[in-house]
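The values are calculated or read from the model by the stated rules, or taken from the named source; none is laboratory data. What you see is a predicted model; the values in this text were computed from it and never measured. A quick note on method: Cβ atoms are made from the backbone with ideal geometry, for glycine too, and the neighbour counts reach across all protein chains shown. Only protein heavy atoms, including side chains, enter the accessible area calculation; ligands, DNA and RNA are left aside. Shrake-Rupley method; radii C 1.70, N 1.55, O 1.52, S 1.80 Å.
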Amino acid sequence: METEDVTVREQLFHNRVRETIICVLLFICLYILSHFILTHFKKNAEFVTDDIEDATVNKIALWLCTFTLSVAVCAVLLLPISILSNEVLLTFPHSYYMQWLNGSLIRGLWNLVFLFSNLSLVFLMPFAYFFTESEGFAGSKKGIMARVYETAVMLLLLSLLVLGIVWVASALLHLNTARESLYDLWEYYLPHLYSGISLFGVLLLLLCTPFGLSRMFSITGSLLVKPRLLENLEETMNCTVFEEASLFRKLKSNTSCWIINNHELLFILAASIIELRKRASPWQRNLGYPVAMLLLLALTAVSVLMVCFHVLELLFDESAMPRGMEDPHLGLASFSMFGSLGAAVQVVIILYLMVSSVVGFYSSALFTGLLPRAQDTTLTQIIGNCVSLLILSSALPVFSRTLGITRFDLLGDFGRYNWLGSFHIVFLYNMLFAGLTSACLINTVTWALQRELIRTHAHRPPPNTNKTAEREHTHSLT
């Protein structure tokens with residue numbers, strides 16, 4: 001009996017060590033990836049200065065930002081890793097090499113992401129911001145520790161302010177409970193604070209994702225060569241050559257001024273774009289753009305249809321409501337009615353919605369100033385970007401489960417948010433997402449058609465201008 005107990009304890013110990021090693025290796029890989037990303041965007045002048053103290057403070061803040069960004073990337077991968085792990089265990093149920101992939105590992109990963117995401121939002125990112133802005137108390141000795149003391153005091157005051165706001169809000173909603181739990185920080189205030197942060201992130205995703213889904217079409221169209229179905233490329237080139245010759249004559253006759261207005265600069269840019277389109281192969285011009293647009297349209301349509309189907313499920317099936325679970329039973333059944341193919345589609349849709357939400361976030365007027373630029377992003381902007389991305393990514397599992405993109409229930413503390421049990425909130429959230437996404441797509445398609453028709457008629461030159469344009473261009477060059 002004692003031998004069996006020792007064997008069980010050894011097995012539990014080895015399982016815990018194995019799970020710890022896997023989580024550490026995963027986090028190291030994500031940390032290295034996040035470090036390269038932030039190094040690409042950071043402003044090098046802030047880290048190579050004559051003041052060694054400022055450079056050290058900025059490096060410490062950058063390390064904290066790198067940690068936060070790696071946690072955000074891990075939060076994005078939570079649902080894809082969980083869904084794919086279940087499908088792998090279904091495909092290889094008795095494989096010796098897949099024994100490390102189990103429910104305990106997935107549950108531990110969810111708990112760590114929840115812990116580190118809240119730690120980064122509540123402590124690390126405010127500390128990084130106050131640390132870079134601090135100079136030490138007046139009259140104290142200058143140095144790193146003086147800045148640390150000032151930052152600690154600022155964090156303490158901020159914590160008291162936030163807890164006071166949470167207590168006032170809870171007192172307005174539940175007066176008796178707030179009085180009884182005045183000193184119950186861990187069991188009462190922190191869950192309410194986490195629930196509020198998650199609700200804010202899910203609402204932010206609700207606003208950014210539909211707008212990002214519509215912006216994906218325009219951004220993809222700007223990166224690819226568009227086919228002009230109603231336009232003759234030769235005629236457009238001749239028209240552009242005519243405008244170029246006219247501009248060249250104006251520059252030649254006004255050599256003392258060299259003044260070019262914005263309208264004429266647009267002609268130069270248009271000429272380069274048309275030349276690029278002319279050099280593109282027919283496959284790139286006529287196949288690449290339609291395939292990319294059809295793929296985006298298919299992903300968006302599948303997302304909206306899944307949400308509409310989930311709305312019907314909410315009306316007739318109580319199990320469609322998002323809820324939490326403690327032990328994920330992996331390898332028993334697929335989380336999609338279409339099997340492995342449906343699970344793969346769920347993973348693609350989840351990642352597509354995350355990319356769309358980031359695009360919509362940076363395309364909105366409120367957050368355009370946070371858009372990072374290569375080698376020209378200040379440390380304050382980096383902190384703001386890391387906080388924003390962490391809020392969006394940590395709300396992604398709740399967002400995906402609330403919309404019914406997947407039936408994988410939320411693990412650990414992700415499923416303990418107070419508002420998840422409200423049918424009216426979940427139902428209204430699904431209806432708003434479907435309505436906003438449909439409205440944004442309709443608006444984008446109609447405006448794109450109008451713009452293309454106007455551009456086609458504007459670029460079409462009058463008859464018998466081809467030879468005239470060639471003569472003007474030749475005369476101007478000579």
Could you compute how much accessible surface residue 441 exposes when probed at 1.4 Å, giving the result in Å² to the nearest 10?
30 Å²
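Using a 1.4 Å probe and counting only protein heavy atoms, arrange 35, 14 so the residue with the most accessible area comes first. Present the calculation step by step, with values, prior to reporting the outcome.
Details: 35 80, 14 105 Å².
Accessible-area ranking of 35, 14, largest first: 14, 35.
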Separation in nanometres of the label points that stand 7 Å from Cα toward Cβ, at residue 302 and residue 422:
3.3 nm
Using 7 Å Cα-to-Cβ label points, what is the residue 294/residue 364 separation (nm, one decimal)?
3.4 nm
Relative contact order (percent) for the stretch 333-443, with alpha-carbon contacts under 8 angstrom and 6 or more residues of separation?
23 percent
With DNA, RNA and ligands ignored, accessible area of residue 293 (1.4 Å probe; Å², nearest 10)
30 Å²
Would you tell me the accessible area of residue 297, worked out with a 1.4 angstrom probe on the heavy atoms of the protein chains, in Å² to the nearest 10?
90 Å²
Ranking by accessible area, most exposed first, for 414, 67 with a 1.4 Å probe
67, 414
Charge tally in the Cβ shell below 12 Å around residue 59, where Lys, Arg are +1 and Asp, Glu are -1, residue 59 excluded
-2
